[in-house]
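Reviewing the structure listed below.
The values are calculated or read from the model by the stated rules, or taken from the named source; none is laboratory data. It should be emphasised that the depicted structure is a prediction, and the values quoted were computed from it without experimental measurement. Glycine also receives a Cβ, built like all others from the backbone with ideal geometry; neighbour counts cover every protein chain displayed.
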2 protein chains.
Amino acid sequence: MNHPVAPAAMRLPLPEAFLAGLQALFGERLSTSKAMREHHGKDESSYDPMLPDAVVFAHSTEEVAAAVTLCNQHRVPVIAYGTGTSLEGHILALSGGITIDLSQMNRVVAVHPQDLTVTVEPGVTRKQLNQEIKDTGLFFPIDPGADASIGGMAATRASGTNAVRYGTMRENVLALTVVTSDGRVIKTGTRAKKSAAGYDLTRLFVGSEGTLGIITGITLKLYPQPESISAAVCSFPDIASAVNTVIVAIQAGIPLARVEFLDENGVKAINKHDKLSLPEKPLLLFEFHGSASSVQEQAEQVQAIAGEHGAIGFEWATRPEERSRLWQARHNAYFALLQMRPGSRAISTDCCVPISQLADCLLETKADCERENLVHSIIGHVGDGNFHVQMLVDPDDPADIARAEAVNARMVTRAIAMDGTCTGEHGVGMHKMGFLVQEHGEGAIDTMRALKHALDPNNIMNPGKIVRW
Amino acid sequence: MNHPVAPAAMRLPLPEAFLAGLQALFGERLSTSKAMREHHGKDESSYDPMLPDAVVFAHSTEEVAAAVTLCNQHRVPVIAYGTGTSLEGHILALSGGITIDLSQMNRVVAVHPQDLTVTVEPGVTRKQLNQEIKDTGLFFPIDPGADASIGGMAATRASGTNAVRYGTMRENVLALTVVTSDGRVIKTGTRAKKSAAGYDLTRLFVGSEGTLGIITGITLKLYPQPESISAAVCSFPDIASAVNTVIVAIQAGIPLARVEFLDENGVKAINKHDKLSLPEKPLLLFEFHGSASSVQEQAEQVQAIAGEHGAIGFEWATRPEERSRLWQARHNAYFALLQMRPGSRAISTDCCVPISQLADCLLETKADCERENLVHSIIGHVGDGNFHVQMLVDPDDPADIARAEAVNARMVTRAIAMDGTCTGEHGVGMHKMGFLVQEHGEGAIDTMRALKHALDPNNIMNPGKIVRW
């Protein structure tokens with residue numbers, strides 16, 4: 001479908017000398033076929049595809065460096081690609097150029113179980129990583145939903161359901177190998193758990209969405225697999241009661257591993273889709289990690305707090321199949337919602353506010369969806385104040401899409417006014433560049449632009465994303 | 001005493017128009033007295049003082065912005081000052097200029113107990129902060145030892161004994177107000193717990209040591225005061241057994257709040273100083289935070305693991321006065337050591353390695369101290385792989401100092417070779433600029449330099465620190 005804010009592309013054909021150089025480097029791993037370019041010219045946003053002129057599949061940091069050197073010499077835009085699951089138009093080739101597909105750089109390079117660290121190539125996906133390290137007794141907790149690549153997750157500062165306990169990619173990347181815009185290879189850190197050694201290049205490249213350099217190696221923190229896991233669900237008479245339960249639980253120091261919110265529309269959809277009979281009220285889903293006695297204590301404490309906030313039907317379980325049953329509503333929420341309006345497509349939003357503002361932000365946004373008569377549901381990583389409104393639109397009806405985008409714009413403005421952010425975890429890409437200015441102000445945006453100009457003086461690294469040149 | 005690597009200062013007198021402008025802004029809060037300049041021209045490093053030409057006491061972000069604007073117009077260096085407790089020459093006025101003392105900007109601006117956040121001015125010290133928020137049931141955990149200012153702690157990416165559980169300033173600063181080199185005021189973030197909104201300016205300024213801008217406001221994460229705290233101590237037959245105990249405890253997922261190491265020299269010193277009779281062996285000191293049952297469980301688990309590693313005399317306690325008694329050795333270690341060589345001064349070092357390398361790094365460094373016949377002791381934030389060797393030197397004996405500096409240089413080189421860092425928590429200042437290059441390599445240092453040039457094009461912000469111009 002047409003996205004209402006899709007910018008105009010300015011494209012030049014690739015220079016012949018450049019293509020010849022690329023061919024010499026990549027041979028059969030260079031493609032200019034339409035199918036290959038189409039595959040790499042779209043993500044999971046609602047933008048129309050914008051195709052790169054060529055795609056190469058890199059096998060090493062050195063190959064990426066050689067390709068970027070060539071791009072820099074010829075002023076050709078270059079975009080890094082992992083699994084294509086970004087949500088805000090991050091990987092679209094707005095000005096053409098080449099896409100470097102990193103999915104074949106998918107080796108787990110080194111596991112250090114005593115240090116709780118692992119070093120991976122960027123194409124390793126999070127599920128693959130957890131599979132490969134299973135026998136160490138450790139795991140990597142960040143779970144954005146999609147089986148994204150670790151490189152992409154680092155580049156977009158991803159997070160997801162476990163962030164309330166384990167943090168985001170910001171907290172869990174120890175060091176990066178990065179190819180900078182001049183084709184040099186730098187290491188941004190070490191495997192030391194902490195460091196006060198100079199400017200924090202690691203955090204600068206985490207979340208930079210390929211606009212400052214291309215990430216070709218990532219050292220991550222790992223965590224011991226919990227001795228015990230328990231799950232719980234309960235319903236609430238209203239949104240405020242659910243949110244207040246979480247606030248009190250966090251203030252009490254209960255180390256919630258996950259706490260997810262689903263609004264009554266989501267519950268209705270899931271009841272229909274999965275033939276369940278959950279109360280059609282706001283729902284909280286919890287997960288607790290710890291020793292056997294600790295997860296029991298956490299669940300009991302949360303049950304008591306939820307009870308004080310009018311919770312209905314608190315259920316908890318430790319056996320894996322029982323936990324899966326309790327969390328079924330969350331796992332199937334997206335697809336269940338889609339079936340509430342056949343033929344529709346979901347526009348997913350993302351914002352994050354201080355948790356004290358969350359109930360108000362949710363209620364006002366919900367009222368706005370209802371005023372606009374949008375079929376919608378809200379899912380929240382409620383412990384972090386982060387939530388997503390999914391709005392179902394007719395992909396062929398521009399007015400419908402415009403209505404949803406207007407709700408999104410008002411939601412973001414509301415979140416920013418509440419001292420929150422325009423994106424908790426999806427990133428900026430093309431879609432949120434305007435909101436980024438609104439959130440940060442011109443001074444901070446000028447600072448970001450100065451960083452971009454300093455590290456990518458020829459504007460070849462994923463141009464047209466995050467900040468305007 | 002003379003520091004062997006003190007660089008030559010290049011100084012120009014302050015322009016008269018500049019001084020007149022400063023006088024108009026600050027009136028009686030401008031001082032050019034020798035005493036005031038001397039007080040601000042030294043920190044707790046072993047460098048000789050290097051005095052600024054003038055000192056001003058700021059009361060607001062606007063005053064800082066006005067002063068920096070003036071400095072930028074006249075190309076006058078400007079250094080931010082909190083409590084003067086930095087350790088690597090961070091605040092020395094290498095090229096003269098002015099020091100902005102921020103200690104009178106010491107208001108706790110806003111506490112949000114539901115969100116577990118607080119916003120403070122930079123001159124608030126960590127003890128003052130915890131005193132002022134005591135009644136909220138929350139606390140700020142970062143404890144670098146000194147009662148440093150929050151602004152200085154952010155600027156140096158400080159941490160300390162609690163970092164193993166709560167992280168460092170890197171993980172605990174949510175947002176900053178910063179005056180940039182052109183005198184503009186920017187906000188680097190919001191109070192949202194997570195964000196994927198553009199380049200991570202917050203983390204860029206955290207640890208930038210006043211070289212990219214001056215921090216005038218800090219929003220921090222807070223934590224619930226633990227329901228229970230318990231402490232434990234035990235001795236080990238050797239360093240490796242102590243370190244391996246910590247590795248196994250962390251791999252088992254025990255959420256240690258503090259775990260400190262003291263070598264046998266430190267224990268000997270404390271036995272003499274405090275008339276104790278601790279076994280003169282490597283010592284571990286633990287602190288556990290959680291519910292009453294959880295801290296008991298943690299202590300029992302650690303006792304079992306320590307027992308498997310040959311621990312001697314595991315003692316644990318929950319009552320505050322008993323906990324203080326157990327930790328007495330740690331609290332008095334520095335002063336006790338100083339008395340082992342009357343008239344001496346301690347040179348303190350700082351490095352951090354992956355914990356699997358810690359025992360080797362400690363043993364090799366210890367052997368080096370012994371070869372050089374240096375009176376020394378080692379204190380370690382062992383859960384993070386971070387340690388400090390304190391070496392006692394005669395402040396009037398250049399050969400003695402040179403010996404200690406050579407041990408330090410070999411220790412840092414060793415740590416870097418082990419994939420560690422030249423500074424875990426003290427920062428770079430002037431003292432570690434060479435080691436920074438050794439750790440990061442020319443490419444990453446060039447990237448840091450590009451950032452410095454981009455954000456401080458006239459090189460007025462604390463010039464001569466972190467990276468050479």
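Within the stretch A:343-358, can one find any residue that is charged (D, E, K, R), surrounded by 19 or more Cβ atoms within 10 Å (Cβ to Cβ) and touching a helix residue (DSSP H, G or I) at 6+ places or on another chain (Cβ under 7 Å)? Outline the logic, then answer.
Just the residues of the stretch A:343-358 that are charged (D, E, K, R), to begin with: A:345, A:350.
So of that shortlist, the ones also surrounded by 19 or more Cβ atoms within 10 Å (Cβ to Cβ) come out as A:350.
Remaining after also requiring touching a helix residue (DSSP H, G or I) at 6+ places or on another chain (Cβ under 7 Å): none.
Checking the stretch A:343-358: not a single residue is charged (D, E, K, R), surrounded by 19 or more Cβ atoms within 10 Å (Cβ to Cβ) and touching a helix residue (DSSP H, G or I) at 6+ places or on another chain (Cβ under 7 Å).
Look through B:Gly151, B:Gly167 and report the one residue that is surrounded by fewer than 22 Cβ atoms within 10 Å (Cβ to Cβ), closer than 24 Å to B:Ile133 by Cβ and more than 7 Å from chain A (Cβ to nearest Cβ).
Result of the check over B:Gly151, B:Gly167: B:Gly167.
Mind checking which residues of the stretch A:431-457 are of a type in the set (Asp, Glu) and over 19 Å from B:Leu451 (Cβ atoms)?
Once the filter is applied, which keeps residues that are of a type in the set (Asp, Glu) and over 19 Å from B:Leu451 (Cβ atoms), the stretch A:431-457 yields A:Glu439, A:Glu442.
Go through (1) more than 7 Å from chain B (Cβ to nearest Cβ); (2) under 15 Å from A:Thr216 (Cα atoms); (3) β-branched (Val, Ile, Thr) for A:Thr161 and report which single condition fails.
Evaluating A:Thr161 over (1) more than 7 Å from chain B (Cβ to nearest Cβ); (2) under 15 Å from A:Thr216 (Cα atoms); (3) β-branched (Val, Ile, Thr) leaves (2) as the failure.
Given the stretch B:25-135, what helices (runs of 4 or more DSSP H) lie entirely inside it while holding 2 or more residues that are of a type in the set (Lys, Arg)?
B:34-40, B:126-132
Within the bounds of the stretch B:458-468, is there any residue that is within 10 Å of chain A (Cβ to nearest Cβ), β-branched (Val, Ile, Thr) and within 19 Å of A:Leu451 (Cα to Cα)?
yes
If you check A:Thr117 against the conditions, is it buried (at least 19 other Cβ atoms within 10 Å of the Cβ) and farther than 15 Å from A:Asn462 by Cβ?
Values: buried (at least 19 other Cβ atoms within 10 Å of the Cβ): yes; farther than 15 Å from A:Asn462 by Cβ: yes.
Yes.
The conditions are (1) in contact with an Asp or Glu (Cβ under 9 Å, 6 or more places away or on another chain); (2) over 30 Å from A:Ser344 (Cβ atoms), and A:Leu70 fails exactly one of them. Which is it?
(1)
Just to be sure, is B:Arg170 farther than 19 Å from A:Gln438 by Cα, touching a helix residue (DSSP H, G or I) at 6+ places or on another chain (Cβ under 8 Å) and not assigned by TED's automatic domain parsing to the domain that holds B:Ile79?
Here the answer is yes, as B:Arg170 does meet what is asked.
Any residue that is within 14 Å of chain B (Cβ to nearest Cβ), charged (D, E, K, R) and within 27 Å of B:Val185 (Cα to Cα) - is there at least one of those in the stretch A:401-422?
yes
What about A:Glu63, is it charged (D, E, K, R), touching a Ser or Thr at 6+ places or on another chain (Cβ under 8 Å) and touching a residue at least 12 places away in the same chain (Cβ under 8 Å)?
So A:Glu63 does not fit the description; no.
Determine which single condition A:Phe140 fails, assuming it passes every other condition in (1) crowded, with 24+ Cβ neighbours inside 10 Å; (2) touching a Leu at 6+ places or on another chain (Cβ under 9 Å).
(1) is the only condition that A:Phe140 fails.
May I ask you to list the residues in the stretch B:289-314 that are touching a residue at least 12 places away in the same chain (Cβ under 8 Å) and touching an Asp or Glu at 6+ places or on another chain (Cβ under 9 Å)?
Result: B:His289, B:Gly290, B:Ser291, B:Ala292, B:Ser294, B:Val295, B:Gly310.
Of all residues in the stretch B:259-280, how many are away from every other protein chain (no Cβ under 14 Å) and within 22 Å of B:Glu322 (Cβ to Cβ)?
Filtering the stretch B:259-280 down to residues away from every other protein chain (no Cβ under 14 Å) leaves B:260-280.
Then keep just the ones that are within 22 Å of B:Glu322 (Cβ to Cβ); that gives B:260-262, B:266-267, B:270-271, B:273-279.
Total satisfying the criteria: 14.
Could you check the stretch A:438-457 and list, in sequence order, the residues that are over 24 Å from B:Thr190 (Cβ atoms) and either within 8 Å of chain B (Cβ to nearest Cβ) or in a helix (DSSP H, G or I) (or both)?
A:His453, A:Ala454, A:Leu455
Show the residue pairs meeting these rules: Cβ distance below 9 Å; 6+ apart or different chains; first residue within the stretch A:210-226 and farther than 12 Å from A:Ile133 by Cα; second residue at pLDDT 95 or above and basic (Lys, Arg).
From the stretch A:210-226, the pairs are A:Gly210/A:Lys465; A:Thr211/A:Lys452; A:Thr211/A:Lys465; A:Leu212/A:Lys452; A:Gly217/A:Lys187; A:Thr219/A:Arg191; A:Lys221/A:Lys193.
Can you tell which of B:Ala196, B:Ala192 is under 20 Å from A:Leu212 (Cβ atoms) and crowded, with 24+ Cβ neighbours inside 10 Å?
B:Ala196
Please state which of the following conditions A:His90 fails to meet, knowing it meets all the rest: (1) assigned by TED's automatic domain parsing to the domain that holds A:Leu220; (2) crowded, with 21+ Cβ neighbours inside 10 Å.
(1)
For the stretch B:182-234, enumerate the residues that are more than 7 Å from chain A (Cβ to nearest Cβ) and charged (D, E, K, R).
B:Asp182, B:Glu209, B:Lys221
Among the residues of the stretch A:394-437, write down those that are within 16 Å of the chain's Cα centre (by Cα) and in a loop (DSSP other than H, G, I, E, B). Before you say what the answer is, go through the steps one by one.
At the first step, the residues of the stretch A:394-437 found to be within 16 Å of the chain's Cα centre (by Cα) are A:421-432.
Correct list: A:Cys422, A:Thr423, A:Gly424, A:Glu425, A:His426, A:Gly427, A:Val428, A:Gly429, A:Met430, A:His431, A:Lys432.
Quick one: how many residues across the stretch A:170-181 are polar (S, T, N, Q), outside any loop (DSSP other than H, G, I, E, B) and more than 9 Å from chain B (Cβ to nearest Cβ)?
Taking the stretch A:170-181 and keeping what is polar (S, T, N, Q), we get A:172, A:177, A:180-181.
After this cut, where a residue has to be outside any loop (DSSP other than H, G, I, E, B) as well, the list is A:172, A:177, A:180.
Adding the requirement that they be more than 9 Å from chain B (Cβ to nearest Cβ) leaves A:172, A:177.
Counting residues in the stretch A:170-181 that are polar (S, T, N, Q), outside any loop (DSSP other than H, G, I, E, B) and more than 9 Å from chain B (Cβ to nearest Cβ) gives 2.
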